[in-house]
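The values are calculated or read from the model by the stated rules, or taken from the named source; none is laboratory data. Every value quoted in this text rests on a predicted model; they were computed, and no experiment measured them. Quick reminder, even Gly has a Cβ in these numbers, built from the backbone with ideal geometry, and neighbours come from all protein chains shown. Please note that ligands, DNA and RNA were not included when accessible areas were found on the heavy atoms of the full protein model with its side chains. Shrake-Rupley method; radii C 1.70, N 1.55, O 1.52, S 1.80 Å.
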Amino acid sequence: EMKFIALISGGKDSIFAALESVKFGHELTCLGNLYPVTEEVAADDIVNNEIDSYMFQTVGSEVIPLIAECMEKPLIRKPINGTSENQNLFYNIAEENKDEVEDLYALLKEAKEEYNIEAVSSGAILSDYQRLRVENVCERLQLISLAYLWQRNQSELLDSMIENQIDARFVKIA
């Protein structure tokens, strides 16, 4: 059993990944989220919080504090200051790196210092790009990556979410 932070985007996958981690005996200690620095308000007063990120889903990020409240867990949030500078499959940190992955590093470092976490759950299912970056940050911080949704069959995964009464709403289709 390890204490872990759940990286949540507000999407069903990250929430379900956290639930799966608990199911496998780990202790959910806190939640983590990276959000866009700027939020533009459209003419119809709808907040547009989508940024061009290879790494993070930001649509719906305004509901993250409500999710933390419902889950009764502390929330660590940090702005996404970096961009997708390194778009290669494998991530390597360079000097003066302004990649968005370093924002994830800062968030997880704070979580480790404040909550003594040992692991990180994420909702990565098929993206090697995302999985490898989470694993890179985890390795640098001596944390374990919990990726219980990784490479699961999409139909079976959706069936499992339904069986576990995940109630999700579409806010955007990629």
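For (1) surrounded by fewer than 13 Cβ atoms within 10 Å (Cβ to Cβ); (2) in contact with a strand residue (DSSP E or B) (Cβ under 6 Å, 6 or more places away or on another chain); (3) of a type outside the set (Gly, Ala, Ser), each residue gets a yes or a no:
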site	(1), (2), (3)
135	no, yes, yes
148	no, no, yes
164	yes, no, yes
168	no, no, no
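With respect to the numbered conditions (1) in contact with a Ser or Thr (Cβ under 9 Å, 6 or more places away or on another chain); (2) modelled with pLDDT of 75 or more; (3) closer than 17 Å to residue 18 by Cα; (4) open to solvent by 80 Å² or more (accessible area, probe 1.4 Å), which one is the sole condition not fulfilled by residue 139?
The one condition residue 139 does not meet is (3).
In region 89-133, what residues are open to solvent by 60 Å² or more (accessible area, probe 1.4 Å), within 18 Å of residue 2 (Cβ to Cβ) and in a loop (DSSP other than H, G, I, E, B)?
Hits for region 89-133 are 116, 118.
I'd like to check something: does region 55-66 contain any residue that is at pLDDT 85 or above, assigned to a helix (DSSP H, G or I) and open to solvent by 10 Å² or more (accessible area, probe 1.4 Å)?
Checking region 55-66: at least one residue is at pLDDT 85 or above, assigned to a helix (DSSP H, G or I) and open to solvent by 10 Å² or more (accessible area, probe 1.4 Å).
Identify the residue in region 144-160 that is assigned to a loop (DSSP other than H, G, I, E, B) and in contact (Cβ under 8 Å) with a residue 12 or more places away in the chain and, among all such residues, is nearest to the chain's Cα centre (by Cα). Break it down into steps so the answer makes sense when it comes.
Taking region 144-160 and keeping what is assigned to a loop (DSSP other than H, G, I, E, B), we get 147-153.
Now narrow it down to the ones that are in contact (Cβ under 8 Å) with a residue 12 or more places away in the chain: 147-152.
Details: 147: 11, 148: 13, 149: 13, 150: 14, 151: 17, 152: 18 Å.
By that ranking, first place goes to 147.
Looking only at region 1-16, which residues are assigned to a strand (DSSP E or B) and small (Gly, Ala, Ser)? Let's see the steps before the verdict.
If we filter region 1-16 for residues that are assigned to a strand (DSSP E or B), which is where we start, we get 3-7.
Matches in region 1-16: 6 only.
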